[in-house]
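Trainee: Input: one structure, supplied below.
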Amino acid sequence: MNTLRFNLNGRWVEEPNVAPTTTLLRYLRDVRGLTGTKEGCAEGDCGACSVAVVENGPDGRPHYRAINACLVLLPMVQGKHVVTVEALKSGEYHPAQQAMAAALGSQCGYCTPGIVMSLFEATYREDLKAPWQLDDQLCGNLCRCTGYRPIRDAATAVAGSCPKDSFSAALPESKPGSMAFHHEENGQLFATPTSFDELWSVLDEHPDARFVVGGTDLSLEITKRFQVPPKLVSLEGLHELHTLKEGPTHLLGSAVTISELEDFTATRLPPVHRMVRYFASRQIKHRGTIGGNLCTASPIGDLAPVLVSLGATAVLRSRQGERRVLLEDFFTGYRKTALQLRELLVGVEVPALAPATRASAYKVSKRRELDISAVSAGLLVEVNSQNVVTLARLAFGGMAATTKRATNAEQALVGHPWSEATVDAAAKAITKDFTPMSDHRGSAPYRALVAANLLRGFFDETSVTPQPRLAPGHAATVLTAEEVRRG
Ligand SMILES: Cc1cc2nc3c(=O)[nH]c(=O)nc-3n(C[C@H](O)[C@H](O)[C@H](O)COP(=O)(O)OP(=O)(O)OC[C@H]3O[C@@H](n4cnc5c(N)ncnc54)[C@H](O)[C@@H]3O)c2cc1C
Ligand code: FES
Ligand code: FES
């Protein structure tokens, strides 16, 4: 048993007695009286609960990151620095607050602290260059009175301004410390091991414990279904799982967050980068992980289709050793995976893309930002010098109980010329591959049509460049050939 210790608004606090399934949001409001952080939805959608934590960035330096306090369990901030809206006004109002006031961005006031915390992160971002990045920065903050224009003006005024103030001065000293934590009491366990030996020991004693990392999926059981998972083992403290390694086969560690993945794949794996651009909100991307996304085995999880299309392999590890499974075989049924008891996903290995390989990814949802897919697709073909398709991997989400390849459509492509006629035949064959369901996200015929049209759109886009990237002002799913040309 060790004491929970983290830095809150510049002061180290210790919490020996708080239940480990308490969310950071409830703790801030109920225990600390920091009621500037609001509860709106308690499910990661509205951003009213946004606070900042300090995390190490890809450059190895600490950075402020906005996260949703409603989905973070208290032990997940062990050793970290947390900043709430109350700490922003030190003497003068913070530039993010000043910008919101000057632009008249604060209207109902309820969502304002969360918006200010997103702008707080944006203030210290050195990589905020393009307007679409501002959309991404703000899409996790809901303004119900539609005051987006002034909020957007405030963001434009302050984002990337990187002031030399007490917050930037504090950053170098705020590197996250060890996350090691073990709380066991009255049948409840929360452990964050920092080595595999410790992990195996905890699992030997508690074989029924469940893994958690970002908690963006699992915490909903607590906040929406009011359940208390009795035994949780966080994998966040295992350094190796945060690995991002470039090579002929890239290694993506399972505890790598979606925002880290977004940065890593920008130049290395454009189809993955394109998919994660419209994955959740920035707050969720800072906590959600590759492993969490794949291990929920959701048929509408966004990473699986694109990674399957790229030929990824899942690396699994238990006390008995390591094994590798093709990612497409990792999903064994609706929300079921090949993982055995006490086995975890270490990461995925993804072959580097040859420059001539045509590959892209698509997400179709009712809303562009912060929405769940109705259909998603990862599509890859290789075409030889005679313009004949030699390999096709067409993986779809939202079309079956698991992410699934369209094998009939693939057969209609391989051995045939990469032409509009072939693609049309393959698009028709997709109807044989799937019997999609109808739900509030789309009817079965709609899904079937979307899947077929995504393949047609893929053909169009890749006729210009093999791995098309989203253009800066891009708002739709498929780029027109003209848009691809313009870049
Ligand atoms: C508002 C909101 C928006 C979202 N938007 C999207 C979206 O656009 N697209 C999308 O695909 N998803 C979305 N999600 C779902 C979720 O954020 C992602 O699936 C995320 O990647 C989960 O990662 P996590 O680390 O938070 O998972 P956790 O909640 O920590 O874990 C999820 C499950 O995976 C298991 N697990 C985690 N890591 C491992 C491992 N290494 N080995 C074995 N088991 C493991 C856990 O035991 C748990 O059962 C959204 C969620 C929210 C709340
Ligand atoms: S309360 Fe709505 S995102 Fe947390
Ligand atoms: S400012 Fe709160 S809903 Fe618009």
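Trainee: Please rank 432, 231, fewest neighbouring Cβ atoms within 10 Å first, as an exposure proxy.
Mentor: Numbers: 432 13, 231 17.
Fewest-to-most Cβ neighbours within 10 Å comes out as 432, 231.
Trainee: Given 4 °C and 1.567 mPa s, compute D for region 250-351 with the Stokes-Einstein relation, Rh being the Kirkwood radius over Cα pairs; round to the nearest whole µm²/s.
Mentor: Working: Rh = 13.6 Å.
The diffusion coefficient I find is 95 µm²/s.
Trainee: Moving on to the next point. On the Cα set of the chain, report Rg and Dmax in Å, please.
Mentor: 22.8, 70
Trainee: Roughly how far apart, in whole Å, are the Cα centres of region 198-226 and region 127-176?
Mentor: Cα centres, region 198-226 to region 127-176: 32 Å.
Trainee: Are there any GluC sites (Glu not before Pro) in region 339-409 that are in a DSSP loop and have at most 15 other Cβ atoms within 10 Å? List them by number.
Mentor: Those satisfying the criteria are 369.
Trainee: Counting other Cβ atoms within 10 Å, keep those with at most 14, restrict to DSSP loop, and tell me which trypsin sites (Lys or Arg not before Pro) in region 112-171 are left. Let's see the in-between values first.
Mentor: Details: sites: 125, 129, 144, 152, 164; in loops: 125, 129, 144, 164.
Here the sparse-neighbourhood loop sites are 129, 144, 164.
Trainee: Out of 298, 252, 350, whose Cα points farthest toward the positive end of the dipole of region 250-351 (charges: +1 Lys, Arg; -1 Asp, Glu; placed on Cβ)?
Mentor: 298
Trainee: Given 164/231; 89/285; 245/428; 366/428, which pairs have Cα atoms separated by over 32 Å? Let's see the in-between values first.
Mentor: Details: 164/231 44 Å; 89/285 27 Å; 245/428 39 Å; 366/428 24 Å.
Checking Cα-Cα distances, 164/231; 245/428 exceed 32 Å.
Trainee: What number, in percent, do you get for the relative contact order of the chain if the mean sequence gap of Cα pairs under 8 Å and at least 6 apart is divided by its residue count? Mind showing how you got there, number by number?
Mentor: Values: 1059 pairs, mean separation 54.9, N = 487.
Once normalised by length, the contact order is 11 percent.
Trainee: Hey, another quick one. Could you derive backbone 3J(HN,Hα) for region 175-189 from the dihedral phi with the Karplus parameters 6.51, -1.76 and 1.60 (θ = phi - 60°), listing whole Hz in sequence and x where the residue is Gly or Pro?
Mentor: Karplus values, whole Hz, x for Gly and Pro: 4, x, x, 5, 8, 3, 7, 8, 10, 9, 7, 6, x, 9, 10.
Trainee: Moving on. Considering Cα pairs under 8 angstrom that are at least six residues apart, work out the relative contact order of region 397-453 and quote it in whole percent. Present the calculation step by step, with values, prior to reporting the outcome.
Mentor: Working: 57 pairs, mean separation 21.4, N = 57.
It comes to 37 percent, rounded to a whole number.
Trainee: Further question on the same structure: If you filter region 304-343 for trypsin sites (Lys or Arg not before Pro), then keep DSSP loop positions with at most 15 other Cβ within 10 Å, what is left?
Mentor: Details: sites: 317, 319, 323, 324, 335, 336, 342; in loops: 319, 335, 342.
Of the trypsin sites (Lys or Arg not before Pro), the ones in loops of region 304-343 whose Cβ has at most 15 other Cβ atoms within 10 Å are 319, 335.
Trainee: For region 3-11, just list the computed ³J(HN,Hα) in residue order, Karplus coefficients 6.51, -1.76 and 1.60, θ = phi - 60°, integers in Hz, with x standing in for Gly and Pro.
Mentor: 7, 6, 9, 8, 9, 10, 6, x, 10
Trainee: Shifting gears a bit: Just the number: Rg to Rh for region 76-151, Cα atoms, Kirkwood Rh, two decimals. Walk me through the numbers before you get to the answer.
Mentor: Working: Rg = 13.0 Å, Rh = 13.3 Å.
Here the Rg-to-Rh quotient is 0.97.
Trainee: With the Cα gyration tensor of region 334-482 giving a ≥ b ≥ c as the square roots of its eigenvalues, does the rule (a/c under 1.5 for rounded; else a/b larger than b/c for prolate; else oblate) give rounded, prolate or oblate?
Mentor: On the way: a/c = 1.37, a/b = 1.23, b/c = 1.11.
Judged from the Cα gyration tensor, region 334-482 comes out rounded (a/c under 1.5).
Trainee: Further question: Can you compute the helix-only [θ] at 222 nm over the chain? Use -39500 (n - 2.57) per DSSP H run of at least 4 residues, normalise by all residues, nearest 500 deg cm²/dmol. Walk me through the intermediate numbers first.
Mentor: Numbers: 17 runs with 147 residues, N = 487.
Rounded to the nearest 500, the figure is -8500 deg cm²/dmol.
Trainee: Taking the Cα centre of each part, how many Å lie between region 98-115 and region 17-31?
Mentor: 26 Å
Trainee: So, one more: Determine the relative contact order of region 325-381: mean sequence separation of Cα pairs under 8 Å and six or more apart, normalised by residue count, in whole percent. Write out the running numbers ahead of the final one.
Mentor: Details: 43 pairs, mean separation 13.4, N = 57.
It rounds to 24 percent for region 325-381.
Trainee: Count the DSSP beta bridges whose two residues both fall in region 152-291, then state the antiparallel fraction as a percent rounded to the nearest 5. Spell out each step's value before the answer.
Mentor: Working: 8 of 14 bridges.
Bridges in region 152-291 are about 55 percent antiparallel.
Trainee: Additional query: Semi-axes of the equivalent ellipsoid of region 72-213: what are they in whole Å, largest first, if each equals the square root of 5 times a C-alpha gyration tensor eigenvalue?
Mentor: Equivalent ellipsoid of region 72-213: 38, 18, 14 Å, largest first.
Trainee: Something else about it: Rank these for me by crowding, 225, 469, 447, going from fewest to most other beta carbons within 10 Å.
Mentor: On the way: 225 8, 469 18, 447 23.
Least to most surrounded, the residues fall as 225, 469, 447.
Trainee: State whether region 1-139 is rounded, prolate or oblate according to the following rule on the C-alpha gyration tensor (a ≥ b ≥ c being the square roots of its eigenvalues): a/c under 1.5 gives rounded; otherwise a/b larger than b/c gives prolate, and the remaining case gives oblate. Write down the numbers at each step before the final one.
Mentor: Working: a/c = 1.73, a/b = 1.41, b/c = 1.23.
Prolate, since a/c reaches 1.5 and a/b exceeds b/c.
Trainee: When 21, 123 are ordered from fewest to most other Cβ atoms inside 10 Å of their Cβ, what list results? Can you show the working numbers first?
Mentor: Details: 21 20, 123 25.
The fewest-first ordering by Cβ neighbours comes to 21, 123.
Read-outs: derived from the displayed coordinates by stated rules, not from any lab. For clarity, every value in this text was computed on a predicted model and none was experimentally measured. For neighbour counting, all protein chains shown are included, and Cβ atoms are generated from backbone atoms with ideal geometry for every residue, glycine included.
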